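All remarks here apply to the structure that follows.
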Amino acid sequence: MERGEAYVFSAAMSGAFLLSCLLFAAINRRQRGPYMDEVFHVPQAQAYCHGRFLQWDPMITTLPGLYLASVGVVKPAAWLFGWMGSVVCSAGMLRFVNLLFSAGNFYLLYLLLFKIHQKNKAVSSFQRILSTLTLAMFPTLYFFTFLYYTDPGSVFFTLFAYLMCLYGNHKTSALLGFCGFMFRQTNIVWTVFCAGNIVAEKLSEAWKTELQKKKDEKISSRKGSFSDLIRILQFLVKYLVSLKNLVTITALTWPYIILVTVFFVFVFINGGIVVGDRSSHEACLHFPQLFYFLSFTVFFSFPHLLTPTKIRKFLLSLRKHPVQYSLIAVISLFLIWKFTYVHKYLLADNRHYTFYVWRKIFQRHELVKYVLVPVYMFAGWSFADTLKSKSIFWILMYFVCLLAVTVPQKLLEFRYFILPFLIYRLNIPFPSLYRQLLELAFYIVVNAVTFYLFLNKTFQWPNSDEIQRFMW
């Protein structure tokens, strides 16, 4: 990082952290006690603060990474500053741990953007910092910076693991992946993603060699061709059944293999991926979750994905390949028909945006979910089109991980989309400065509206005296 860029980055990070601190103070004045899932998380962390490490709330479904990290931060700080009494491990103090994770995420996002796009000399330092600021303010993630949830820490360790993977420090990456797994079990998918980066790189090298042998450059250039995809899949199978290639890949990815093995041992001993309350977190094949994620991504990346040029290109592609798109439409309709699930929380809890999205859109008529298929198709095409700068093997690997992290979830919950969205957004080409500014402005507006609703538009349920607030 050059000196000038370092000064601008420091100013941006400091300014963002100061703004977050002011917002943090406002939220803690209005909502002093635990709210929503904090009702489970805060007492559990306080039990750990008092040394009761065998105490466990059976309603908690994640591993104790958040609570262990919190004790590791709060206890030394209390000793250093002489804090005593109720302030130690209070709800506000525990929430502040997530504010620290948020600052770490800001720095990691910058380092990842720098590493992933280092070959693109057209990208200015200002654009990198602007994109970092934008992603750090990504609304779904930014909101949970101010509550005691697992998301900021989960994102921190996963992004850190990804960064170490890109720099070739795979043992460190696997160790950080384990920390991410301790925050949320589904983060094991992103450990597989890190290993997949290595495999995708080796496959790309072997594919280039294959093309040079055959002197058929057309195969690599027509990524959208169905016949090319078949040839690539044939090559993939041929490569992976080779013992020599498998030994090479295993030698490179063994730290991740050990971690994945630990995960399967945990699932076997635990009897499932969820700890604690499993009744509300049953795994299923909820394929429309992929469609919801694509729509979510188009909404939050509309300056990049929802443009007149892309719409024209999509319509042209539709005209050129009517049979392929018709087949995709039929498969999509079938998946929606047979694999749509509606979680009881989605219908019952009117404090979340997803409740209103479902009620205002999907519950208007039984046919709405089918009518939206063309929207999903455009979202999927536009999503894939922005990733065309990546190798075909990286794209395949990312989509496998995307399916693994979204489809088994029965509950439509926007928090589950944070990590796949960030990984996607980090890897697309840098947009124009105008589109970056538009994206940042949009995020600021969404955040402002969300925090205004949370702080000022409170309400009460008929049979409860507790104050309820709108949130993600």
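The values are calculated or read from the model by the stated rules, or taken from the named source; none is laboratory data. All of these numbers come straight from a predicted model, not from anything done at the bench. With ideal geometry, Cβ positions are generated from the backbone for all residues, glycine too; neighbour counts draw on all protein chains shown. Ligands, DNA and RNA are excluded from the accessible area calculation, which covers all protein heavy atoms including side chains. Shrake-Rupley method; radii C 1.70, N 1.55, O 1.52, S 1.80 Å.
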In terms of Cα to Cα distance under 26 Å, which lysines are near enough to Lys238, apart from those fewer than 8 places away along the same chain?
-> Lys202, Lys208, Lys213, Lys214, Lys215, Lys218, Lys223, Lys388, Lys390
Over 31 Å between C-alpha atoms is what I'm after, so list which of Lys360/Lys457; Lys75/Lys410; Lys119/Lys310 land there.
-> Lys75/Lys410
Can you tell me the FRET efficiency between Glu2 and Tyr167 if r is taken as the Cβ-Cβ distance and R0 is 25 Å, rounded to the nearest 0.05?
-> 0.80
Pop out the carbon and sulfur fraction of the accessible area of the range 14-70 as a percent, whole number, probe 1.4 Å.
-> 67
Computed [θ] at 222 nm, deg cm²/dmol, the chain (DSSP H ≥ 4; -39,500 (n - 2.57); rounded to nearest 500) | -22500 deg cm²/dmol
Thinking of the range 122-196 as a set of Cα atoms, what percent of all their pairs are more than 20 Å apart?
-> 41
How many angstrom separate the Cα center of the range 14-68 from the Cα center of the range 410-439?
-> 26
Percent of accessible area on the range 283-431 owned by carbon and sulfur, 1.4 Å probe?
-> 71
Tilt, helix 125-136 to longest principal axis of the chain (alpha-carbon atoms), in degrees rounded to tens, equals 60
Where only protein heavy atoms count, and the probe is 1.4 Å, what is the accessible area per residue for the range 283-431 in Å²?
-> 46
Helix 433-456: angle to the longest alpha-carbon principal axis of the chain, degrees 0 to 90, nearest 10?
-> 30
Rounded accessible area per residue of the range 1-91, 1.4 Å, Å² | 57
Roughly what angle does helix 373-386 make with the longest principal axis of the chain, taking Cα atoms, 0 to 90 degrees, to the nearest 10?
-> 80
Taking 0.36 nm per residue of separation and subtracting the Cα-Cα distance, what length does fully extending Ile230 through Arg351 add?
-> 38.9 nm
Relative contact order of the range 283-431, pairs being alpha-carbon contacts under 8 Å that are 6 or more residues apart, as % = 46
Tell me which label goes with the value of semi-axes √(5λ) of the Cα gyration tensor in Å computed from the coordinates here: (1) 34, 29, 21; (2) 88, 23, 20; (3) 37, 27, 24.
-> (3)
Treat the range 313-404 as a sphere of radius equal to its Kirkwood radius over Cα pairs and apply Stokes-Einstein at 10 °C in a medium of 1.306 mPa s; give the translational diffusion coefficient in µm²/s, rounded to a whole number.
-> 102
Where only C-alpha atoms are counted, convex hull volume of the range 1-106 per residue in Å³ | 127
If you take the beta carbon distance between Lys244 and Asn463 as r and set R0 to 60 Å, what does 1/(1 + (r/R0)^6) give as a FRET efficiency, to the nearest 0.05?
-> 0.35
How much accessible surface area, in Å² rounded to 10, belongs to the heavy atoms of Ile258 with a 1.4 Å probe?
-> 90
Checked against the positive end of the charge dipole of the chain (+1 on Cβ of Lys and Arg, -1 on Cβ of Asp and Glu, about the Cα centre), the farthest of Leu315, Pro303, Phe293 is Leu315
Could you pull the accessible area for Thr250 with a 1.4 Å probe, rounded to 10 Å²?
-> 70
Length-normalised contact order of the range 111-262 in % [C-alpha pairs under 8 Å, at least 6 apart] = 20
Radius of gyration and maximum dimension Dmax of the range 372-453, Cα, Å = 14.9, 43
Evaluate the relative contact order of the chain (contact order divided by residue number), counting alpha-carbon pairs under 8 angstrom at least 6 apart; express in whole percent.
-> 19
For Glu201, what accessible area in Å² do you get when you roll a 1.4 Å probe over the heavy atoms of the protein chains, rounding to the nearest 10?
-> 110
Inter-label distance, nm, simple model (7 Å from Cα along the C-beta direction), Val262/Ala283 | 1.9
